[in-house]
Each structure stands twice: as C-alpha cells, then as structure tokens.
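No lab work stands behind these numbers, since they all come straight from the coordinates. Just so you know, these numbers come straight off a predicted model, no measurement behind them. Don't worry about glycine lacking a Cβ; one is built from the backbone with ideal geometry, like all the others, and counts go over all protein chains shown.
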Amino acid sequence: MEKVIIDGGSPLEGTVTISGMKNAAVAVLYATVLVDGVCVIENLPNISDVAISLEILKSVGAKVERIGETEVRIDATEARDKMPPHELAKKMRASYYLIGATLGRFGHSVIGYPGGCDFGVRPIDQHIKAFNALGADVCTEGGLIEATAQNGRLKGGNIFFDCVTVGGTMNAMLAAVLADGVTEIENAAREPHVVALANFLNFCGASVSGAGTDKIKIKGVEKLHGCTYELIPDMIEAGTFMIAAAATGGNLYIDNVIPKHMEAISVKLREMGVTIDEFDDGMRVYCEGPLCNVDIKTSPYPGFPTDMNPQVAVLMCLAEGKSTLTDTIWDNRFRYVEELKRMDAEIEVEGNTATFCGGTVFKPARVRAVDLRAGAAMIIAGLVAKGQTEVDDFFYVERGYDNIIEKLRAVGAHIMKIS
Ligand code: EPU
C-alpha cells in the first residue's frame, strides 16, 4: 500500500496550476459512448478515476488513444452495450454514467454496482426514477443494474427529482439526449460539472438548455457527432490548495481557476480571515493574522461543497474559538475526525454536525486517508504539524488529485510517496 510522508511546518509559497475537473471528466468520458465519431478531450486530469473510466470505455468497444499528457482521443463508433468487468465498475462511483450513455444510445445497458468513497448510504433510486420516466425498465438484482428501453429507444419525459442529485441529473441528461422527444428535468443539480456536460453534449450536436439552473430541457436528436472539448478547472482541487495555503500560513497563486465557481468557499475563508485576491483565471491566497472561527453548512451548488468538508475542518481546528460544520449531503462524512484526533484535534460529532474547539497545535502522527477528500485533509494537517506525519491509504487521494505530491513539492512542501 502506498503512503505519504510529510515533514511539516513550512509555509507553501509559489504558484499551483489547477488540473481539469474530476467530476466533469468522468461524466464527459462516459458521454463519448453516445457519439458516432471521434471526440478529443483536453485538460484531462491524471487521476485513477480517469484511468479506470478509460479502461471501462475500452471494455465496451471504444477506441481510446492518449495523444498527449492531458489529451485523449475516443472513438466509440464501434462501442456496444456490453457489460464492463465488474472489477473495474466497482472501483469508482461514476461508472454509473455508462448506464445513461449506453441506455440512451443502444436502448439497453448492464453494469455491476458502482463503488466509490464511503460516506454513508449512496442510493441510486433517483437515477432509476429518471430512466423509468424515459420509458426504461430497470432491474437491480444479483449485484447488477440492467436497464432496457421498452420500445428499443427511450422517449422524452418529465423528471422531477426528490432531492438534488448531481449523478442523477447527469445520468438523466445522458439518457435523454438521443431519446425521442423532449425531456424536462426539474430540481436539477446546478454544479459547474452539470454545465460542462451540457456544453460537451451541445458541441456534439445535442440540444440541452437550462444547465446551471434547476430546470434542464433536452430536445432529443437522432445522432451525435464528435468534437474537441476542453475540461473546466477542478474547483475542489483549487479549494484544497486555497486551504493548504491558509493553513500553513503560506502564500499561493492558484492558477487556472474560475473564481466564480469558488465563491462559496472564498466567502467562508474570508470570514475566517484569509485574504483572497481574484484575477480573471487565478487567485492569490494568503493569511497573515490568526484564523477566526466560523460556522458552515454544506449544500448543493452554489452552496458550500460537501467535497470541501474535510479540508475546511483542518482550518476549523486551527482557528481561534469554536466552529461548527454541518454536512447536509452525506450522512457519514465525518469518519476523518478520528484521524484528526490522532493529531490532537478536539472535535465532537453529533449526527451530521461536527464541533471544533479550535486552537489546535497539530501533532505529527500516523494517520489514514479514509476517503479521497479526507485524505487531502490529512495531508494539509500533516503540512501544518511540525515533524513527520505519515498518511496511509494514499490511493484514495490519487483517485481525484492530479500529481498532488509534485504540485506540493513545487511550492515548498517536504512530502514524498513511498510504497
Ligand atoms: N441521492 C439519493 N438518491 C439518488 C442519488 C442521490 O437519495 O439516486 C442522495 C445522496 O444520498 C446524497 C444526495 O442525494 O445525500 C446527493 O448525492 P449526489 O447524487 O449529488 O452525489 P453523487 O452524484 O453520487 C457527486 C460527486 C461527489 C459529491 C456529490 C455531492 C461525482 C462522481 N461525485 O456524487 O464527489 O460529493 O456529487 O456534491 O460527481 C468527490 O469528488 O470526492 C465526491 C465524492
């Protein structure tokens, strides 16, 4: 198992360039299955969730060719509704986007249950509800999800989600673009990755409007053609580096970021006393005084993202005074708290709220990444603690952070990965 060793205590200084967004990348990669032709995806992050997605695409017959460090060419013309190896599908959450894409193109899809990080129950009832609304029967037995369009092709329909779901919204979009007629998705997720997927599909000839609002309208088309599409920057990677700068008392220029996507995070960091200067596609982040306490509730975009919960918790540990963090998205997002406690943090969790005493002087320790974002948080805590911290189960972090070790070393961190 790989782990990282951090010799903490140095402020991070310099420039970090943000990679393409993981949660947009995985959706767009599976969306290429809908396309009759060649797609070139640019600004692809070098992370394991992308590598697994490309393997899954190959397993269903797509031709996949890496044409640069961050570019891939995908031709899914010959792809079919085959079942990808379960070993691959269960390695990540977003493999479920293959269902929307193959169901939309072939009228049939079968795949093993997806995996992904564990922070509570992760149902897919809303995805199924959307496929049903488009005229598909869905069977979930024996660890498989099999969806079949009743007349061989999906029909446009009205979908009203019971809760705001990113995956459900994107899977419904994938299924609807080649359906016969018009689909309306209400109570849709508004995340930048939803807009990114809509843009990619429209570049390929789809008719998707309203993405970024809570009502998306899709007019089904006969066919999609290839395109070249550049992925947007990863707001969670950017937020993670913003917090790393603030926590270490450093000064980072975060390059290749869309400041508008960062608003909910920036507002809370400023409330804590962090200075953030915004430029067209960059942000300078530094913190000169002590951090102040704050209360945060996660919520769907444009609210404070749940995927920043563990990282901001590190700042709450360091702040002066009591902070509270409530996660309204996942029911078990605080598994990392036990790890931060090993580093002397004082945190109490009750239900979906954590209370931080503040004023923590992190002690170096041997800790674990319990999931992707929790792993990033442990690395930040390790960068703050004076002395040597070991973070086990680093593979979680590699799911979603492109070259994090190299990026941190380039801005002054003493960190290395060992097997
Ligand atoms: N939900 C249902 N039924 C469903 C789908 C979702 O009840 O059919 C509930 C979930 O239990 C949860 C809420 O709706 O309480 C939101 O879930 P959502 O569907 O939005 O999550 P997701 O699509 O599975 C994506 C990201 C996660 C991120 C969440 C929330 C991807 C691949 N994953 O997951 O990202 O936490 O949205 O923003 O896009 C990460 O990147 O570290 C990560 C976990």
(request) Using only the C-alpha atoms of the range 181-317, find the volume of their convex hull and express it per residue in Å³. (result) 102 Å³
(request) Pop out the Kirkwood hydrodynamic radius of the range 266-307 from its pairwise C-alpha distances, inverse of mean 1/r, in Å to one decimal. (result) 11.6 Å
(request) Just list whichever of LYS22/LYS407; LYS82/LYS223; LYS22/LYS91; LYS155/LYS217; LYS22/LYS260; LYS297/LYS407 have alpha carbons separated by over 24 Å in the model shown. (result) LYS297/LYS407
(message) Need one number: the % of Cα-Cα pairs in the range 288-379 sitting beyond the 20 Å mark.
(response) 28 percent
(request) Could I have the simple spin-label model distance between ASP295 and SER10, label points 7 Å from Cα toward Cβ, reported in nm to one decimal? (result) 4.0 nm
(request) Report the longest stretch of the chain that contains none of the GluC sites (Glu not before Pro) sitting in a DSSP loop with at most 12 other Cβ atoms within 10 Å. (result) 289-419
(message) Give me log10 I(q)/I(0) at q = 0.10 Å⁻¹ for the chain, Debye formula, one equal scatterer per alpha-carbon, no solvent.
(response) -0.66
(message) Run the reach check for LYS363 against lysines, Cα to Cα strictly under 22 Å, same-chain hits fewer than 8 apart removed. What comes back?
(response) LYS3, LYS322, LYS341, LYS386, LYS417
(message) Would you calculate the convex hull of the Cα atoms in the range 323-419 and tell me its volume per residue in Å³?
(response) 105 Å³
(message) Contact order normalised by length for the chain, with contacts defined as Cα pairs under 8 Å and 6 or more residues apart; what percent is it?
(response) 21 percent
(message) How big is the range 22-230 along each principal axis, measuring the range of its Cα positions in Å and listing the largest first?
(response) 41, 36, 32
